[in-house]
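Enquirer: First, the structure itself, so that you have it in front of you.
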Amino acid sequence: MKDRFTIGEIAKLHNISVKTLRYYDEIDLFKPIEVDQNNNYRYYSTDQFEHLNTINYLRNLGVSLKDIKEQFDKRDLNFFLDILKKQQQETENKIHELQNINERVQNRISELEWAKSNQNIGKPFIKPISERKIIQIQKPINSHSELEISLRRLENIAKLKSSIFIGSVGVTLPINQLQSEERKKYNSVFLLVEEENVTDDIATTLPAGQYVCMYCNDERINSKQYYAQIMEFIKENQLTINGDAIERTIIDHYITYKPEEFLSEIQIPVI
């Protein structure tokens, strides 16, 4: 029975690349049993199959080459157990992270699907909203460039793993600006927080409560008529404004070329 295999034959038998086998040789992880001095061909034996199987097994579990090499150097049961336990913890962390990503994706899908079917455009209504965790910079925002710079600062403060996405950004408009004839002057910008690594020392909240809301077929809230409608609705329903207005873009030109699909939202807390 044949007991000498070339590097190409080993690669095919174990479904591994020749390049990888050469690298394993270079780092002294898996070396050929013989090297022909005339042509430098590498040869391997069936006695080495289990060695390579173990490497492949651990690599498939995600164990680093450094830890695998150390295991072969030590051949220690306790160290082997430690490797597996360490990898188990890393795997659980990845699963948790993927679950969080999946939840964020599902939230975005749900919001966009709802937006496609929303028939309540341009009509004020009352909506109960749960408390929302945010990170916020309270400063005047008078231009798009100031907004973008502030968002970069927020991203750095929060050390977000994922990038800022449309729908997570909001600005606040003070009460005294709601009926002002002057150009709107926002007093803060915020990010809705979905990541668990954002700690409470840098985060705050938008309080739970009743909000008068309006969805608008605009990329940005530019028309003062929207606020005029909302203020009339608040007056008719004998409500009292209980905080700054919130503006949020949900769908803009980065998502669709069709202006009729643009969507923004106004929220005003009331009691």
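Only the coordinates and a few stated rules stand behind these numbers; no lab work does. What you see is a predicted model, and the numbers here were worked out from it, not measured in a lab. Quick reminder, even Gly has a Cβ in these numbers, built from the backbone with ideal geometry, and neighbours come from all protein chains shown.
Enquirer: Multiply the residue separation of residue 43 and residue 192 by 0.36 nm, subtract the distance between their alpha-carbon atoms, and state the gained length in nm to one decimal.
Expert: 47.7 nm
Enquirer: Taking the alpha carbon gyration tensor of segment 120-270, what are the square roots of 5 times its eigenvalues, largest first, to the nearest whole Å?
Expert: Equivalent ellipsoid semi-axes, largest first: 25, 18, 15 Å.
Enquirer: Taking the chain as a Gaussian network, where each spring joins two C-alpha atoms under 10 Å apart, which residue of 117, 168, 188 fluctuates the most?
Expert: For the chain, modelled as a Gaussian network with Cα springs under 10 Å, the answer is 117.
Enquirer: Something else: Looking at the chain as a GNM with Cα springs under 10 Å, which of 190, 125, 30 has the largest mean-square fluctuation?
Expert: Evaluated over the chain, the most mobile residue of the options is 30.
Enquirer: Here is a follow-up. Based on the Cβ-Cβ distance from residue 25 to residue 87, what FRET efficiency comes out when R0 is 25 Å, to the nearest 0.05?
Expert: According to the calculation, E is roughly 0.50.
Enquirer: Please compute the net charge surrounding residue 249, taking Lys and Arg as +1 and Asp and Glu as -1 over other residues with Cβ under 10 Å from its Cβ.
Expert: Local net charge: -3.
Enquirer: So what is the diffusion coefficient of the chain in µm² per second by Stokes-Einstein at 20 °C and 1.002 mPa s, using a Kirkwood Rh over Cα pairs?
Expert: After rounding, the answer is 90 µm²/s.
Enquirer: What is the helix-to-structure angle for 49-60, meaning the angle in degrees between its Cα long axis and the longest Cα principal axis of the chain, kept from 0 to 90 and rounded to the nearest 10?
Expert: Roughly 10 degrees, rounded to the nearest 10.
Enquirer: Please rank 193, 105, fewest neighbouring Cβ atoms within 10 Å first, as an exposure proxy.
Expert: 105, 193
Enquirer: Share of antiparallel DSSP beta bridges in segment 120-270, in percent to the nearest 5?
Expert: Of the beta bridges lying entirely in segment 120-270, close to 95 percent run antiparallel.
Enquirer: Please tell me the relative contact order of segment 1-124 in percent, rounded to the nearest whole number, where contacts are Cα pairs under 8 Å and at least six residues apart.
Expert: In percent, rounded to a whole number, it is 17.
Enquirer: For segment 104-143, which GluC sites (Glu not before Pro) pass both filters: DSSP loop (anything but H, G, I, E, B) and at most 13 other C-beta atoms within 10 Å?
Expert: 131
Enquirer: Measure nothing fancy, just the Cα-based angle from helix 77-117's long axis to the longest principal axis of the chain, in degrees from 0 to 90, nearest 10.
Expert: Once rounded, one gets 30 degrees.
Enquirer: If you don't mind, another one. What lysines does residue 184 reach when the alpha-carbon gap must be under 22 Å and sequence neighbours fewer than 8 apart in one chain are set aside?
Expert: The reachable lysines, counting only those whose Cα sits under 22 Å from residue 184, are 123, 139, 224, 235.
Enquirer: Still on this structure, I have one more. With a ≥ b ≥ c the root eigenvalues of the C-alpha gyration tensor of segment 5-75, is it rounded (a/c under 1.5), prolate (a/b larger than b/c) or oblate?
Expert: Prolate shape, in that a/c is at least 1.5 and a/b is the bigger ratio.
Enquirer: Straight-line reach from residue 19: which lysines have Cα under 22 Å away, leaving out those fewer than 8 places along the same chain?
Expert: Counting by Cα, and skipping residues close in sequence, residue 19 has these lysines nearby: 31, 66, 69.
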